[in-house]
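Read the structure below first, then the notes.
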Amino acid sequence: MQALSGNDVIPSVSIVGCGTVGAALGKILSDAGYPIKGVATSRPETARAAGEKVGAHAYSDRPWEVTRGVDVVFITTPDDLIASVCAEIARHQGFDKNAVVIHCSGALSSDILSPARRGGALAASLHPLQSFATVNQAVRLVPGSFCTIEGDAEAMPVVRQIVHDLGGILLEIGKDKKTLYHAAAVAASNYLVTLLDFVLNLGEAAGMPRDMAFKAFHPLIMGTLNNVDARGIPDALTGPIARGDVETVSTHLKAMEEGAASFLPLYRCLGRFTVDLALAKKTITRERADILLKLLR
Ligand SMILES: NC(=O)c1ccc[n+]([C@@H]2O[C@H](COP(=O)([O-])OP(=O)(O)OC[C@H]3O[C@@H](n4cnc5c(N)ncnc54)[C@H](OP(=O)(O)O)[C@@H]3O)[C@@H](O)[C@H]2O)c1
């Protein structure tokens, strides 16, 4: 590792799989003073372009050529290639003893990198809790984003330092909890899109043009997010279920049967979970909750 001053030591880095996330991490770390020794992708032409983008000293489509003699190796390929790419590098003795090998998948734990451990390297995962469409967007968004880490204890000081130098907010998680954590991230991002699609479809069924519906509901959505931020859950819950308004919920169900029947299962399911929140907020009685649950079954 390259010594800076005092106790500060900056590790050398190589990036295998230098697409959106790999290139962004490479760019931010390079700007923070990390030497980017090499990058590898699946083809020589993309490897060269990625190398130029992050200012790497070397590039290759044979990952082990850029990982030997390097302190930190990021494997930022698509998730379903991480294990095989790691195994291939290990087969070519591409990891130094005590090198820290990191992947950035939210769904997988560091155990997917076990071939690297067999040669004496250390395994970790570092997941930026964000969605990135482009390298430039990722370079802007990683600083200030939560970065969830787990892995071998000896690797953690280096991984924590990297999160700090990326400008990320550190969040440590148990290895065995990674899948549940990822399910939460899917709910926060993907299922939120599904929920908004549900809102827009009901708006359309009510006669609102779809492009106007999002604009119309936007202040309500943002107001609700602000309430959750300010007051937490269940206190931020408002509306007919929180008030125990059985008649209103009943008329919703009747109207949807006539005008938007395919969304009834989703409305009912969300409604049942909302009854639990209203109970937790203590704005409805157990008896009222049971009437609502029967209606929403
Ligand atoms: N994008 C996000 O929003 C986001 C957010 C958080 C975490 N992540 C995680 O970050 C990781 C990378 O995702 P990404 O979105 O950056 O993917 P990406 O943009 O598709 O980039 C994948 C990279 O892997 C390279 N690659 C493919 N096969 C390879 C191989 N056999 N050997 C070496 N390199 C290979 C590709 O090179 P070629 O161009 O030559 O194929 C490309 O450079 C994933 O684990 C993902 O879960 C992504």
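The values are calculated or read from the model by the stated rules, or taken from the named source; none is laboratory data. Just so we're clear, the structure is a prediction, and the values are computed from it rather than from any experiment. For neighbour counting, all protein chains shown are included, and Cβ atoms are generated from backbone atoms with ideal geometry for every residue, glycine included. Ligands, DNA and RNA are stripped out before the accessible areas are found, and what is left, the full protein with its side chains, is counted by its heavy atoms. Shrake-Rupley method; radii C 1.70, N 1.55, O 1.52, S 1.80 Å.
Can we say L126 is among the aliphatic types (A, V, I, L, M), within 16 Å of the chain's Cα centre (by Cα) and within 13 Å of the ligand (Cβ to nearest atom)? Don't jump to the end; show me each part of the working.
Details: among the aliphatic types (A, V, I, L, M): yes; within 16 Å of the chain's Cα centre (by Cα): yes; within 13 Å of the ligand (Cβ to nearest atom): yes.
Criteria met by L126.
Within the range 25-68, which residues are of a type in the set (F, W, Y) and open to solvent by less than 20 Å² (accessible area, probe 1.4 Å)? I'd like the intermediate steps shown before the answer.
So in the range 25-68, the residues of a type in the set (F, W, Y) come out as 34, 59, 64.
The answer is Y34, and nothing else.
I need every pair where a residue in the range 77-91 that is at pLDDT 95 or above has its Cβ under 6 Å from the Cβ of a residue that is near the ligand (Cβ under 9 Å from one of its atoms) and assigned to a helix (DSSP H, G or I), sequence separation at least 6 or different chains.
These pairs meet every condition: T77/V85.
Scan the range 97-108 for residues that are closer than 19 Å to R160 by Cα and part of a loop (DSSP other than H, G, I, E, B) and jot them down.
As a first pass, look at the range 97-108 and keep what is closer than 19 Å to R160 by Cα: 98-106, 108.
Matches in the range 97-108: N98, A99, C104, S105, G106, L108.
Need the failing condition index for D111 against (1) open to solvent by 40 Å² or more (accessible area, probe 1.4 Å); (2) under 22 Å from A138 (Cα atoms); (3) in contact (Cβ under 8 Å) with a residue 60 or more places away in the chain; (4) not in a loop (DSSP other than H, G, I, E, B), just the number.
Result: D111 fails condition (2) only.
Please list, ordered by residue number, the helices (runs of 4 or more DSSP H) wholly in the range 40-96 having 2 or more residues that are over 14 Å from A116 (Cα atoms) and near the ligand (Cβ under 9 Å from one of its atoms). If you could, list the steps in order and put the result at the bottom.
Working: elements: 44-54, 64-67, 79-91.
Hits in the range 40-96: 44-54, 79-91.
Regarding the range 87-103, can at least one residue be identified that is surrounded by fewer than 24 Cβ atoms within 10 Å (Cβ to Cβ) and closer than 23 Å to S131 by Cβ? Don't jump to the end; show me each part of the working.
From the range 87-103, those surrounded by fewer than 24 Cβ atoms within 10 Å (Cβ to Cβ) are 87-88, 90-93, 96-98; that's our starting set.
From what is left, the residues that are closer than 23 Å to S131 by Cβ are none.
No, there is no match, as no residue in the range 87-103 is surrounded by fewer than 24 Cβ atoms within 10 Å (Cβ to Cβ) and closer than 23 Å to S131 by Cβ.
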